[in-house]
Amino acid sequence: MLRTLTAGAAMLGALAMAAPAQAAPAPSPTPDEMMIIDVVKANGSGCPDDTAAITVSKDNKAFTVSYSEYTAQVGPESSPLDFRKNCQLALDIKVPSGFTFAIATADYRGFAELQKGAWAQQNANYYFQGYTQTTRSEHTFKGPMSDDWQRTDQVGIASLNFLKCGDRRFLNINTELRVNRGFSDAKKHTSFISMDSTDASINTVYRVQWKKC
């Protein structure tokens with residue numbers, strides 16, 4: 001059974017992140033030790049109030065973030081600030097006693113409509129509150145393009161950033177979409193990129209690697 005939680009709006013402070021741990025990965029916790037995720041804060045132009053939702057998978061190995069108003073665009077009907085949208089989530093992940101976790105992979109999905117000459121980027125940054133290490137990714141899309149898109153960030157086991165055993169820290173996920181008109185005619189044509197849950201297949205999936213303490 002999936003747990004579904006809806007994000008509320010709030011400001012996030014600057015937070016830093018994690019050193020790699022040493023023990024080998026362990027099996028996922030049993031269903032009666034289910035991971036629980038609470039959205040503590042959500043802030044950003046890409047996730048206004050009640051527009052981001054999280055579901056946790058039955059096997060505790062993944063969670064999904066879905067968006068309903070996450071689109072960056074340039075064009076005749078766009079405001080000067082629409083070229084960039086972002087969403088920063090602070091997640092309180094309650095893990096079973098004796099376990100810790102790291103983000104192993106992240107799948108990002110959406111749709112892009114880019115005119116010839118225009119380009120877009122999808123960026124992501126995830127880190128634990130109070131730690132010094134962060135993981136960042138960047139993906140670029142070039143026009144002409146009118147299609148669904150998917151990109152995957154995969155972290156090698158040796159470089160996974162685990163939460164220290166016994167620590168209770170928020171996991172922070174900061175994503176960003178941006179569009180640049182390039183040499184396209186933005187006075188006549190719109191270019192955009194989105195992560196948007198109006199289509200149930202469009203979302204962001206994060207997979208968790210468990211480790212026994």
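The values are calculated or read from the model by the stated rules, or taken from the named source; none is laboratory data. In this text, all values refer to a predicted model and were calculated from it rather than measured experimentally. We place every Cβ from the backbone using ideal geometry, glycine too, and count neighbours over all the protein chains shown. Heads up: the accessible areas ignore ligands, DNA and RNA and are worked out on the full protein's heavy atoms, side chains in. Shrake-Rupley method; radii C 1.70, N 1.55, O 1.52, S 1.80 Å.
Annotations for the structure displayed:
- Matching option when the condition is in a loop (DSSP other than H, G, I, E, B) and either modelled with pLDDT of 85 or more or closer than 17 Å to GLU138 by Cβ (or both), among PRO48, PRO96: PRO48
- Of the residues making up segment 140-155, at least one is in a loop (DSSP other than H, G, I, E, B) and modelled with pLDDT under 85.
- Per the listing ASP92, ASP59, ASP50, the residue uniquely open to solvent by 30 Å² or more (accessible area, probe 1.4 Å) and touching a strand residue (DSSP E or B) at 6+ places or on another chain (Cβ under 7 Å) is ASP50.
- Scanning segment 169-185 for residues that are open to solvent by 20 Å² or more (accessible area, probe 1.4 Å) and not polar (S, T, N, Q), we see that the one that is modelled with the lowest pLDDT is ARG169.
- Some residue of segment 116-137 being in a loop (DSSP other than H, G, I, E, B), of a type in the set (D, E, K, R) and surrounded by fewer than 16 Cβ atoms within 10 Å (Cβ to Cβ): yes
- So PHE101, is it within 17 Å of the chain's Cα centre (by Cα), farther than 17 Å from THR175 by Cβ, surrounded by 15 or more Cβ atoms within 10 Å (Cβ to Cβ) and not hydroxyl-bearing (Ser, Thr, Tyr): yes
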